[in-house]
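Have a look at the structure below, then the notes.
Taken together, the values in this text are just the output of simple stated rules run on the coordinates, not laboratory data. Just so it is clear, the structure is predicted and the values come from calculations on it, not from any experiment. Cβ coordinates were reconstructed from backbone atoms using ideal geometry, including for glycine residues, and neighbour counts include every protein chain displayed.
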Amino acid sequence: MAFSPTRLLSLVVFMVLVVEPHPAYGSSRGGWFGRNQGAATPLVNGICAASVTIHGYKCEEHQVKTQDGYILNMQRIPEGRIGGNSSGNKKQPVLIQHGVLVDGMTWLLNSPQQNLPMILADSGFDVWLANTRGTRFCRHHVSLHPSQPEFWDWSWDELVSYDLPAVFDFVFNHTAQKIHYIGHSLGTLIGLASFSEGHQEDQLKSAAFLSPIAYLTHMKTALGVVAARAFVGEITTLFGVAEFNPKGQQASIFLKALCNYPGVDCYDLVTAITGKNCCLNASTVDLFLQNEPQSTATKNMVHLAQTVRDGVIAKYNYGRPDYNLMHYGEARPPIYNISNIPKDLPIFISYGGQDALSDVQDVWQLLDNLKHHDVNKLSIQYIKDYAHADFIMGVNAKDIVYNQVVSFFKNQQ
């Protein structure tokens, strides 16, 4: 079966996990929502309108400004479809963070009975969806425009240092309660790194990491390894330190070249990149493939590639000791010490035996970093048949994973 470069790119993003926006999004790159940060405003063709309110749930659109000037879009599902709160207590907030090359819509592709945000809302939680800079509705800055290279001068370090603290502060200020965190894929990496540096210690109640990405040494995909090498090397010459637009011509040419590498099989990209997902609905996959992936910073892709190559969780490597010295005061990038995560933080980790991105051996290395964690505060779930995308879109994820997450959070009340 032959794929066009654009089709290949869409498949790759799906594999890298994630799921692009619903057709109801329209073709806009994102509209300006008003400059009153935090105001709950209607957003035409936004995530709320496209995939939440149509199912009978209340949903609010919010804007959050980071300390470095990016304007982020968030969604809030304050209650389930039945509404109300019979206990009279304030609902516990849950913040959900997506992976790379997608936004919060990735959690909402399945039906309300099968997607995590609505299951949490129906279970009595106050649900908040985060969206990172550069995605469809987060392409605004107080002084920069996406057409400027400076807008894209960031990696996942900035998601750790700016985006995550901004959304935590926003939710905490709105709810006055500590927050349960859920991350998938890159959302787990930025959570682990951020919590290891103590950024959210006073606002965090517990954390659930689904298909955790931390160490990537054993990633089982020839295409992924080749791509990682390319992003560390010639990719900066190809794209520059600016936007990595998967819909663009350069990215399509780049992917096509990768598929010509010896040992790289682009026939079944979904399985090749994410592993053999057991439980995806074909219509949900088709929904993803009907849409194009979203942009991120080329620098972010390079940083992820460095994580694969170097086998450590470290800040961005500028490639020269003098550049690193200028940014960090030392010749090599500082390491994120995962063992610094507070040992009494309740943590739930769920990983799959078929996951080609979050490989079992790499998860074991992550767990080794947590070996001194309070054993009563660490819950581990291993799902033999699950691969990377099953955790987001698996038709049985509610029974296998999400019910466990709900129970874990309720046990922390």
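Applying 1/(1 + (r/R0)^6) with r as the Cβ-Cβ distance of Asp344 and Trp364 and R0 = 25 angstrom yields a FRET efficiency of 0.65.
Computed from label points 7 Å out along Cα-Cβ, the spacing between Asn281 and His145 is 4.1 nm.
Taking amide H atoms as placed 1.01 Å from N in the peptide plane, the amide H of Gln381 lies under 5 Å from those of Ile349, Ser350, Tyr351, each 5 or more residues away in sequence or on another chain. Shape class of region 324-387 from the Cα gyration tensor (axes a ≥ b ≥ c, square roots of the eigenvalues): oblate, since a/c reaches 1.5 or more and a/b does not exceed b/c.
Let me know the shape class of region 275-363, please: from the alpha-carbon gyration tensor, a ≥ b ≥ c as square roots of the eigenvalues, rounded when a/c is under 1.5, otherwise prolate if a/b is greater than b/c, or oblate. It comes out oblate by the Cα gyration axes. Can you grab the distance from the C-alpha centre of region 370-413 to the C-alpha centre of region 306-358, Å, no decimals? Taking the Cα centre of each part, region 370-413 and region 306-358 sit 23 Å apart. Pairs exceeding a 21 Å alpha-carbon distance, out of Lys178/Lys377; Lys65/Lys91; Lys247/Lys276; Lys299/Lys343; Lys343/Lys384: Lys65/Lys91; Lys247/Lys276; Lys299/Lys343; Lys343/Lys384.
Pulled fully out, how much extra length does the chain show between Tyr328 and Lys58, if you take 0.36 nm times their separation in residues and subtract their Cα-Cα distance?
Between Tyr328 and Lys58, full extension yields 92.7 nm more.
Phi angles of region 181-187 translate, via the Karplus equation with coefficients 6.51, -1.76, 1.60 and θ = phi - 60°, into HN-Hα couplings of 10, 10, x, 10, 6, 4, x Hz per residue; Gly and Pro are given as x.
Inter-label distance, Tyr382 to Glu201: 3.2 nm, where each label sits 7 Å from its Cα along the C-beta direction. Between Ile335 and Ser407, the modelled label-to-label distance comes to 3.6 nm, taking each label 7 Å out from Cα in the direction of the beta carbon.
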